[in-house]
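Please read the structure below before turning to the comments.
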Amino acid sequence: MTKLRVLCTAALLACASSQVLADASSHAASAESFLKLMHADQGTVALYGQVQQMFNQRFEQLQAPATKKATLETYTAKANAALDKAVGWDKLKPDLVKLYVSNFSETELKDMIAFYQSPTGKKMMEKMPQLGNEAARLTQAKLEPAVPVVNKLLEDMTGELSPKQAAEPAKKAAEPAKKP
């Protein structure tokens with residue numbers, strides 16, 4: 001009878017663990033589908049463009065002759081390879097899947113997929129880069145008047161807290177008062 005219990009318990013655990021694995025796999029698949037829908041694999045394209053621009057600017061600053069363009073292309077390719085090694089989609093995807101699986105249930109992921117496949121969701125995805133840029137521009141414009149004020153406050157605090165400034169009041173307090 002004990003052997004039967006052990007076998008039944010083992011069978012039950014095997015079934016339960018396979019269901020958990022299937023659920024985890026399904027959950028991860030939903031996260032991957034959502035990431036694909038959101039074009040997450042294109043998330044680093046801007047970074048690659050910025051690095052390309054850095055190399056081009058350096059090439060121009062150095063006033064390198066056109067005959068050295070192959071050198072620029074070689075170093076740009078090496079930089080792209082370094083970026084691929086660090087932040088290529090094959091490197092980011094597993095971590096992003098884990099991130100989404102840990103923050104959204106499978107049902108929530110499926111709901112988000114359904115939304116972003118709807119006309120409103122498609123419009124939102126289309127407009128988000130433009131809206132993000134515009135929001136950043138508006139924020140920057142509103143921030144400009146505050147920058148000098150914040151910089152002045154930072155300067156004032158630095159002056160008040162610097163060792164030289166702190167020593168001045170102590171030095172004056174230690175000096176005998178001058179008679180008029």
Next on the checklist: Straight-line reach from Lys91: which aspartates and glutamates fall under 16 Å, measuring Cα to Cα and dropping same-chain residues less than 8 apart?
Outcome noted: Glu32, Asp41
Item to check | His39 accessible area, 1.4 Å probe, all protein chains in place, Å² to nearest 10 | outcome: 110
Checklist entry - Under the classification rounded if a/c is under 1.5, otherwise prolate if a/b is larger than b/c and oblate if not, where does segment 66-157 fall, given a ≥ b ≥ c as square roots of the Cα gyration tensor eigenvalues? => result oblate
Item to check | Given Lys85/Lys122; Lys36/Lys123; Lys36/Lys122; Lys36/Lys110; Lys78/Lys127, the pairs whose alpha carbons are separated by over 22 Å | outcome: Lys85/Lys122; Lys78/Lys127
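The values are calculated or read from the model by the stated rules, or taken from the named source; none is laboratory data. Computed from a predicted model, the values in this text were never measured in an experiment. The accessibility values were calculated without ligands, DNA or RNA, using every heavy atom of the protein model including side chains. Shrake-Rupley method; radii C 1.70, N 1.55, O 1.52, S 1.80 Å.
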